[in-house]
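Report on the following structure.
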Amino acid sequence: MSNARTERRFEPTSATPAGLLLLVLNAGALAAGAGAVGFYLRTKNPESAPYTTEALALGALLLGVATALSANRGLRVRVGAAGVAFEKGDLVRVPWHGLARVSLEGAAVRIEGKSEFGTGVSELCSLHTHREALAALVAEAKVRVPSVLGAEVEARVGAPAGVAGEELPLEPVQIAGRRCAASGKPIAFEGDGVVCARCERVYLRAAAPSSCACGQALNGL
Ligand SMILES: [Zn+2]
């Protein structure tokens, strides 16, 4: 493919101040602790510590909220021609054809699929800290692999507010050494393969169907 591949890199925004997170975490621990003490007192005298169950429930709830708020807070996410990628020490990249599901999970979006190396990926990105990346992801997925988008994801995430993130160049799609998505046969040389422009599946030119598994026409490539 001649057109340059790029992706955009999104920094998480800190819509949840670290102080607030700490506050919720402390309140949760305090409530859970009070509940635990109450539980102990009740074993001695069933009439004592009347709010034990409530304190335990509140503690669990607050700790749950803190977990949701802190989920992948610092994670940088990239979205572009090569799919969606997460900067987790190594770059964990899920190509568009490997993306299985993008679904709402409370105030966050779960992104599931298989990495370029075939390993399972499941990442949770908060609507608060990763809205720009999620908006870019949903906008791209809508065009490339619309079937992976869960109900109401688009409505909750919203459209990209403008051009956001830092643009990064991508290497051309690696073809040599890959396996044909139709025949499973290895592709020895760059020139023997064709790449779907929409989902980036790779096919042996000789075995390529007229349209990709994603529906994109492959004729004329
Ligand atoms: Zn395709």
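Computed values, structure above
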| item | result |
| --- | --- |
| Set of region 71-112 residues, backbone N closer than 19 Å to the point 7 Å along the Cα-Cβ line of Ala155 | 102-110 |
| Intensity falloff of region 101-141 expressed as log10 I(q)/I(0), Debye formula with alpha-carbon point scatterers, at q = 0.33 Å⁻¹ | -1.13 |
| Contour excess over end-to-end distance, with Cα ends at Arg9 and Ser210 and 0.36 nm allotted per residue | 69.0 nm |
| Orientation-averaged projected area, Cα convex hull of region 173-221 (nm²) | 2.8 |
| Dipole axis of the chain (+1 Lys, Arg; -1 Asp, Glu on Cβ), positive-most option in Ala135, Ser183, Gly193 | Ser183 |
| Three semi-axes of the equivalent ellipsoid, the chain, Cα gyration tensor, whole Å, largest first | 46, 18, 14 |
| Kirkwood-type radius of region 18-70, with distances r between different C-alpha atoms, in Å | 11.2 |
| Hydrodynamic radius (Kirkwood) for region 73-169, which is based on Cα pairs only, to one decimal in Å | 13.2 |
| Ranked Thr6, Thr129, criterion: other C-beta atoms within 10 Å, fewest first | Thr6, Thr129 |
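Read the figures in this text as sums done on the coordinates, not as results from a lab. All values reported here derive from a predicted model rather than from experimental measurement. Cβ: placed from backbone, ideal geometry, glycine included. Neighbour counts: every protein chain shown.
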